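The values are calculated or read from the model by the stated rules, or taken from the named source; none is laboratory data. What you see is a predicted model, and the numbers here were worked out from it, not measured in a lab. Here Cβ is always computed from backbone atoms with ideal geometry, including for glycine, and neighbour counts include all displayed protein chains. Note: accessible area is taken over every heavy atom of the protein model, side chains too, but ligands, DNA and RNA are not part of it. Shrake-Rupley method; radii C 1.70, N 1.55, O 1.52, S 1.80 Å.
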Amino acid sequence: MLSRSSFTSLVVGVFAVYVAHTCWVMYGIVYTRPCPAAAAADGAAGGCVWPYLARRPKLQLSVYTTTRSSIGAESNIDLVLNVEDFDIESKFERTVNVSVPKKTRNNGTLYAFVFLHHAGILPWHDGKQVHIVSPLTTYMIPKPEEINLLTGESATQQIEAEKQPNALDEPVSHWRSRLTLNVMVEDFVFDGSSLPADVHRYMKMVQLGKTVHYLPILFIDQLSNRVKDLMVINRSTTELPLTVSYDKISLGKLRFWIHMQDAVYSLQQFGFSEKDADEVKGIFVDTNLYFLALTFFVAAFHLLFDFLAFKNDISFWKKKRSMIGMSTKAVLWRCFSTVVIFLFLLDEQTSLLVLIPAGVGAVIELWKVKKALKMTIRWQGLRPKFQFGAYNDSEKKTEEYDAQAMKYLSYLLYPLCIGGAGYSLLNVKYKSWYSWLINSFVNGVYAFGFLFMLPQLFVNYKMKSVAHLPWKAFTYKAFNTFIDDIFAFIITMPTSHRLACFRDDVVFLVYLYQRWLYPVDKSRVNEYGESYEEKLKKKAHRE
């Protein structure tokens with residue numbers, strides 16, 4: 001059986017191998033080996049695929065819309081954007097109004113056909129044109145209307161009568177208001193015998209003389225389609241705005257973006273909704289690739305420290321036989337706050353990527369409460385019966401300190417929480433009374449949650465000891481706290497959550513001060529209910 005130290009070493013070793021393998025895979029995506037024969041003097045080296053853009057053709061960009069997923073002629077399509085003198089090096093953004101057909105207004109789909117072709121020639125008459133198709137609509141359950149719970153006033157002053165009858169129960173068509181286009185502009189010469197599979201499906205080849213050329217690689221950035229940009233399509237809507245933006249893209253970034261889009265598509269195939277996938281998209285959009293790589297490494301270490309903290313925390317509570325020096329109120333508060341945050345995320349329809357870990361954490365905190373209260377559950381048929389164990393004299397002394405700390409804390413905490421809940425009821429709009437209740441609780445957790453960590457500090461002060469705390473788990477959590485601090489003002493997050501990243505720092509610094517202030521007393525019990533002197537006596541007795 002592996003010891004705790006060897007298991008930790010194994011986990012760290014697996015983590016190092018995972019990071020090294022990920023770096024190698026990322027290098028293989030970003031770096032593409034050029035054709036080795038491209039330097040041939042005659043310029044017609046066999047096996048190479050040359051860029052058509054190196055000939056500097058005069059190009060035109062055209063965007064059409066239609067309700068069909070394929071077109072064979074120019075009938076039943078609408079031209080919404082035409083850039084006659086298209087410069088692949090120049091970035092631009094234009095907003096156009098798109099006519100919405102009746103079929104689309106009745107929960108139908110509208111497609112955008114983007115053509116890159118020679119200037120002055122219609123796309124279907126140009127043998128060297130390239131095109132790509134993208135839906136401009138998606139299906140999603142609309143966000144429920146928010147109202148003032150006291151006056152009944154809605155956020156939009158009135159609910160539109162044109163909305164679909166079952167708009168709040170069934171998915172309806174939403175308009176994608178952004179269309180982001182890219183063209184790979186590098187004059188890169190591919191090796192025809194080892195074309196990258198990810199780029200190959202976007203390539204169209206033509207034979208020009210003795211050499212094979214690939215036409216411009218046109219790409220639609222689906223990662224830029226965010227849920228915040230979606231608009232509900234009503235039956236009365238005849239026109240909707242569409243922002244078409246263009247920027248050039250390098251080969252390495254193109255390949256990376258293709259892999260990320262495929263990953264998001266795979267998540268949706270596994271049952272992730274549009275909102276769930278949007279959380280993943282948010283990691284990549286508007287982020288520098290170097291910063292994205294840094295974020296990956298930091299997140300990987302964050303995951304490692306999370307796992308080690310989780311392992312030591314479980315080990316600590318699994319072996320714990322005494323609550324001497326431990327604040328039961330703090331344990332109950334952590335459980336309550338974790339469950340409230342989970343219910344809040346569930347009410348906000350947060351991504352499963354965030355919801356599942358929060359749910360697992362809530363279950364673990366409930367298990368800790370069971371251990372702290374020495375609770376046993378016995379079933380009498382289908383009815384559970386709860387039994388609580390007795391505390392010894394030392395544990396009762398700890399409970400007295402704990403109750404004293406909570407008494408002082410309640411004078412400050414309860415008025416603040418009640419006042420905040422009343423203010424939000426008067427001034428903020430919510431979907432329901434349940435939503436207001438959960439939001440009030442979670443705002444209290446974020447704003448004043450750190451106050452419930454103070455009883456443990458008070459118990460430490462009264463007992464003049466910190467030997468009963470799980471310092472290994474605290475150490476790993478401290479590393480994660482400092483990582484959160486670094487990214488608190490870089491990564492987009494709610495202000496309340498951003499401030500919450502710093503609240504734990506203050507309490508943890510006080511914990512460190514108490515650890516320095518109170519020297520190690522070998523006669524006191526540790527986190528497992530044992531003391532150093534007791535271990536020596538047991539060892540001597542065995543001998």
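Descriptive notes on the structure:
Yes/no per residue for (1) open to solvent by 20 Å² or more (accessible area, probe 1.4 Å); (2) part of a helix (DSSP H, G or I):
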| site | (1), (2) |
| --- | --- |
| L179 | no, no |
| V183 | no, no |
| S193 | yes, yes |
| H213 | no, no |
| K228 | yes, yes |
| L240 | no, no |
| D247 | yes, no |
| L254 | no, yes |
| M260 | yes, yes |
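- Selected residue (criterion: farthest from P57 (Cα to Cα)) from residues of the range 102-131 that are in a loop (DSSP other than H, G, I, E, B) and charged (D, E, K, R): D126
- Among the candidates K374, K329, the residue that is out of contact with any helix residue (DSSP H, G or I) (no Cβ under 8 Å at 6 or more places or on another chain) and either over 28 Å from V466 (Cβ atoms) or modelled with pLDDT under 80 (or both) is uniquely K374.
- Filtered residues of the range 195-211 (kept if in a strand (DSSP E or B) and among the aliphatic types (A, V, I, L, M)): M205, V206, L208
- Any hit, the range 244-259, residues being at pLDDT below 90 and farther than 30 Å from G127 by Cα: no
- Qualifying residue in the range 366-378 (condition: in the same structural domain as K464 (by the TED database), within 25 Å of S435 (Cβ to Cβ), hydrophobic (A, V, I, L, M, F, W, C) and assigned to a helix (DSSP H, G or I)): yes
- Total residues in the range 355-402, condition without any contact (Cβ under 8 Å) to a residue 12 or more places away in the chain, farther than 30 Å from D306 by Cβ and open to solvent by less than 80 Å² (accessible area, probe 1.4 Å): 2
- Test for V232: is it in contact with a Phe, Trp or Tyr (Cβ under 9 Å, 6 or more places away or on another chain), hydrophobic (A, V, I, L, M, F, W, C), open to solvent by 20 Å² or more (accessible area, probe 1.4 Å) and modelled with pLDDT of 75 or more: yes
- Output for the range 86-112, where each listed residue is over 30 Å from the mean Cα position of the chain (by Cα) and β-branched (V, I, T): I88, V96, V98, V100, T104
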